[in-house]
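I have placed the structure first, in the form of structure tokens, so that the comments after it can refer back to it.
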Amino acid sequence: MGYLNNQNIENKIGANFEIELVDDNVVFKSKREKDYQGYFNDNTYIEFMTKGLQSKLNELNSVLIVGLGIGVIPQWVAYETNCQIIDVLDIDNELINTISSFNYLSDKINIIQGDV
């Protein structure tokens, strides 16, 4: 898929999340959402989450995304649309620090710690 660099991602258990590499798949589990997990190297995830958005986002210079997760949606926006400024709002500072430490997000992405 190209949006995540699995070589930079490490297993991490945080207070509200878990990140795990399983057979070269990145698994993100949010403890805030019961039984939620996503395998983020699956193109069907991107297709499902972004269906119909690319043409709309191509008309914009900037976008605000609520919720960082593992960063795959902000990465998709950075690489597949014309948006030059991608602000991502997330409440979980530990998650923000973890994802930032993996050092794979585009320079277009600005992460803001806060609550909607």
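Taken together, the values in this text are just the output of simple stated rules run on the coordinates, not laboratory data. Computed from a prediction, not measured in an experiment: that's the story for all the values here. Reconstructed Cβ throughout: ideal geometry from the backbone, glycine too, with neighbour counts over all protein chains shown.
In the chain, Cα pairs under 8 Å separated by at least six residues give a relative contact order of 22 percent. Per-residue 3J(HN,Hα) values for the range 85-96, derived from phi via the Karplus relation 6.51 cos²θ - 1.76 cosθ + 1.60 with θ = phi - 60°, read 10, 10, 8, 10, 9, 9, 7, 8, 5, 5, 5, 4 Hz in sequence order (x marks Gly and Pro).
Convex hull volume per residue, computed on the Cα atoms of the range 70-116, equals 67 Å³.
Straight-line reach from residue 29: taking Cα to Cα under 12 Å and skipping same-chain neighbours fewer than 8 places apart, the aspartates and glutamates in range are 18, 20. Here are some values of semi-axes √(5λ) of the Cα gyration tensor in Å: (i) 22, 16, 13; (ii) 26, 13, 12; (iii) 19, 18, 13. Which one was computed from this structure? Step by step, semi-axes √(5λ) of the Cα gyration tensor in Å for this structure corresponds to label (i). Packing-based ranking of 10-23, 83-96 yields 83-96, 10-23, ordered from highest to lowest mean Cβ neighbour count within 10 Å.
As a rough guide to protection, the peptides 97-104, 69-76, 54-61 ranked by mean Cβ packing within 10 Å, highest first, stand as 69-76, 97-104, 54-61.
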